[in-house]
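Heads up, the thing below is written out as structure tokens.
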Amino acid sequence: MFPENLYYTKDHEWAEISGNIAAVGITDYAQIALGEITFVELPAVNKQVGVHDILATAESSKAASDIYSPLTGQVTEVNNELSSKPELINQDCYKAGWICKIKISNPADKDKLMTVKEYEKYLGTL
Amino acid sequence: MIQFLTMADAKKTVLFEKHSALTGKSQIVSFAGWLMPLWFKSQAREHEAVRKTAGLFDCTHMAVLGIRGKTAQDFLNILTTNDVSLLKPGKAQYSYILNFEGDIIDDVIIYCFADDNYMMVANAANEQKVKDWINEISNLKFEISKDSSPHSTKQIEIKDLKNPSLPDARVDIAIQGPVSAECLKNIFGADFGGIKPFTFMQAKTRDFDPAPAPHSCHNSGLACMPIPILKNDKQIPAERIQSKCGVDVIISRTGYTGAKIGFELFVHPSKAVQLWDVILEKGKNLNVIPCGLASRDSLRIEAGLPLYGHELAGEFNISPFQAGYGWAVKLQKPDFIGKKALIKKAVDFKTEVARLEFDGVKGIRPIRQFDGILNKNGVCIGHILSCAGVGDKQIMLSLIEKQYNIVDNSVGVYYLARNQSHIQQGRREKVNIGDSLTADLAGKVIERFEKF
């Protein structure tokens, strides 16, 4: 149900890690809950973030939701498409709806993230 | 990333199972103490449905009270601001319940069955508050003014009509939109399109069961036709209502979406699920779809209709006059609770509710309650009360200084900080009238109410 190659947070972010770069987005569970996203606030490139720092914001009529960084590092790239097409997160939250990329500075943070099985189990408790 | 609301203590409406079957768990939220769906498909689709075809709303959480007795009319006239004596059987009116300080306790609609028999529908969020207030008032023997004799409310009976053990219990289901009358015709076999706004009929119809068992009411396979109990202000004598079977329905031309044609249906709670199902079944070909709270809110905002706590009372203690509803306050009535205070409020207000329009929804940050409204010089002149995305615009209701409430007047909005990051960047968490700010987005004042 959720991509197996990703890592997950309790706040419904996902991280796709290749070497020391992580792509970050929000999961299907989160985008459904939010409803039609009409606005995304992206981080500035080069921004330094720690675990659970506010990385971005996604807004719908329901809520303005903060998206937290799953890892420590520096933002290297942002998905500028989301400024004019915020709905990409609703349509394709794991690929076209990616939010930003982070250059990881503390690889140990990865151990605190959930695997897909752990995330699915966690969702069952909500 | 999303703080999900705790729903442990929220109640389920009689239609909860229907909602659960139609929408995801994350779409059901706690609203006024009830578990309610935010949307089924999407807010935008449901909003559009009400404007183009019709939408079906679960309003069974709303408070429904029955007020009966010889002095019922007098009591309601003391309790509320509008003039209940203007109502004839089959007529309804919008009104306010105030406290002695003239503050709004709730906005309500009162339905007249007879001059000693009324039904009052109030907001779900205010149900307990309204009941407590009515209890407090009805236990008093009070002199309203020096000239009036002490008023006793001992001869009236007030009932919670949502109580399913009552044979005349009622809950509210609303169908709103251009095809709503046609949908009801498919169900009841009668055309309710001719009912005037704020007028209702009471009908006994054949049971909603799609295939009722034949019985003596049925004449060679024909189902019972709906018999209006109230028609043209007159009550049809009970003995003329022959049908043994049948469901008692009140069909009222009222609603909260601004739809030119729409109805609220009041049935016994035990029949609500059947009514919901039959409306969706008979409305399928007409594209009648179920609608949640999000579209209910965007529809009423687009129409300019107030919500208690936002455009009435609330943070700014907004009066009926500020909200644009001075007509529902009959100051010429001999007396009513809050009249004295309201006389002052009628003339003494500097801000009023205005409807505004700003560009675009996609890619533009949504405007939210309490964001600042600025004049052309960047001076704060008021605040947002409610906002919704409608098509490619944002439509909102705001409380602004009266002199700026002119159609086509340019205004700006200042977004308040949405999170810690914004606060750190210097964005304010609160703004006040008179503050000098820079607008984030430009917009304009539009007509106070939308005409559909």
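The values are calculated or read from the model by the stated rules, or taken from the named source; none is laboratory data. Since the model is a prediction, treat every value here as computed from it, not as a measurement. Heads up, the Cβs are rebuilt from the backbone with ideal geometry, glycines too, and the neighbour counts pull from every protein chain shown.
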Criterion (closer than 23 Å to B:K451 by Cβ, modelled with pLDDT under 95 and either within 14 Å of chain A (Cβ to nearest Cβ) or buried (at least 23 other Cβ atoms within 10 Å of the Cβ) (or both)) met by exactly one of B:V353, B:V361: B:V361
Given (1) closer than 24 Å to B:P178 by Cβ; (2) β-branched (V, I, T); (3) not assigned by TED's automatic domain parsing to the domain that holds B:E281, number of the condition B:T53 does not satisfy: (3)
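Sort out which residues of region B:35-50 are away from every other protein chain (no Cβ under 12 Å) and surrounded by fewer than 20 Cβ atoms within 10 Å (Cβ to Cβ), and write them in order of number. Spell out the reasoning first.
Looking only at region B:35-50, we keep the residues that are away from every other protein chain (no Cβ under 12 Å), and these are B:35-36, B:48-50.
Scanning region B:35-50 gives B:L35, B:E48.
I'd like to verify a number: residues in region A:108-117 that are in a helix (DSSP H, G or I) and surrounded by 13 or more Cβ atoms within 10 Å (Cβ to Cβ), how many? Give the steps one after another, and end with the answer.
From region A:108-117, those in a helix (DSSP H, G or I) are A:108-112, A:116-117; that's our starting set.
Still in the running and surrounded by 13 or more Cβ atoms within 10 Å (Cβ to Cβ): A:109-110, A:116.
Here the count works out to 3.
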Residue match in region A:14-21 (condition: hydroxyl-bearing (S, T, Y), exposed (fewer than 15 other Cβ atoms within 10 Å of the Cβ) and out of contact with any His (no Cβ under 8 Å at 6 or more places or on another chain)): yes
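Can you say whether B:R355 is of a type outside the set (G, A, S), outside the structural domain of B:Y96 (by TED's automatic domain parsing) and in a loop (DSSP other than H, G, I, E, B), as far as the supplied structure shows?
Here the answer is no, as B:R355 does not meet what is asked.
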Selection from region B:99-116 of residues that are at pLDDT below 95 and charged (D, E, K, R): B:D115, B:D116
Residues being of a type outside the set (S, T, Y), more than 10 Å from chain A (Cβ to nearest Cβ) and either surrounded by fewer than 19 Cβ atoms within 10 Å (Cβ to Cβ) or within 16 Å of A:S65 (Cα to Cα) (or both) - total across region B:410-420: 2
Region B:271-304, residues that are free of Cβ contacts under 8 Å to residues at least 60 places away in the same chain and either out of contact with any helix residue (DSSP H, G or I) (no Cβ under 9 Å at 6 or more places or on another chain) or among the hydrophobic types (A, V, I, L, M, F, W, C) (or both): B:K284, B:R300
Subset of region B:258-277 (residues that are out of contact with any Pro (no Cβ under 7 Å at 6 or more places or on another chain) and either assigned to a helix (DSSP H, G or I) or hydroxyl-bearing (S, T, Y) (or both)): B:K271, B:A272, B:V273, B:Q274, B:L275, B:W276, B:D277
Criterion violated by B:G391 - all others in (1) small (G, A, S); (2) within 14 Å of chain A (Cβ to nearest Cβ); (3) on the phi > 0 side of the Ramachandran plot; (4) surrounded by 15 or more Cβ atoms within 10 Å (Cβ to Cβ) satisfied: (4)
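Could you tell me whether any residue of region B:365-376 is of a type in the set (K, R), over 27 Å from A:E36 (Cα atoms), part of a loop (DSSP other than H, G, I, E, B) and outside the structural domain of B:K260 (by TED's automatic domain parsing)? Outline the logic, then answer.
Initially, region B:365-376 is screened for residues of a type in the set (K, R), giving B:365, B:368, B:376.
Then drop every residue that is not over 27 Å from A:E36 (Cα atoms), which leaves B:376.
Add one more test, that the residue is part of a loop (DSSP other than H, G, I, E, B), and what stays is B:376.
In the following step, the residues that additionally are outside the structural domain of B:K260 (by TED's automatic domain parsing) were identified as B:376.
The answer is yes; a qualifying residue exists.
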Exclusive hit being over 24 Å from A:E87 (Cα atoms) and modelled with pLDDT of 95 or more, set B:L397, B:L342: B:L397
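Considering region B:10-25 alone, what residues qualify as being of a type in the set (S, T, Y) and either assigned to a loop (DSSP other than H, G, I, E, B) or buried (at least 18 other Cβ atoms within 10 Å of the Cβ) (or both)?
Those that are of a type in the set (S, T, Y) and either assigned to a loop (DSSP other than H, G, I, E, B) or buried (at least 18 other Cβ atoms within 10 Å of the Cβ) (or both): B:T13, B:T23.
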Strands (runs of 3 or more DSSP E) completely within region A:1-105 that count 2 or more residues being over 25 Å from A:K117 (Cα atoms) and among the aliphatic types (A, V, I, L, M): A:37-41, A:54-60, A:73-78
Matching residues, region B:303-341, being assigned to a helix (DSSP H, G or I) and surrounded by fewer than 24 Cβ atoms within 10 Å (Cβ to Cβ): B:A303, B:G314, B:E315, B:F316, B:F321, B:Q322, B:G326, B:W327, B:A328, B:K339, B:K340, B:A341
Which numbered condition B:I423 fails, given (1) over 19 Å from B:P306 (Cα atoms); (2) within 14 Å of another protein chain (Cβ to nearest Cβ); (3) β-branched (V, I, T); (4) assigned to a loop (DSSP other than H, G, I, E, B): (4)
Pairs where the first residue, in region B:171-192, is polar (S, T, N, Q) and the second is assigned to a helix (DSSP H, G or I), C-beta under 6 Å, 6+ apart: B:Q176/B:V50; B:N186/B:K282
Breaking point among (1) assigned to a loop (DSSP other than H, G, I, E, B); (2) more than 14 Å from chain A (Cβ to nearest Cβ), for B:Q73: (1)
Region A:53-88: number of residues that are within 12 Å of chain B (Cβ to nearest Cβ) and either touching a helix residue (DSSP H, G or I) at 6+ places or on another chain (Cβ under 8 Å) or without any contact (Cβ under 8 Å) to a residue 40 or more places away in the chain (or both): 19
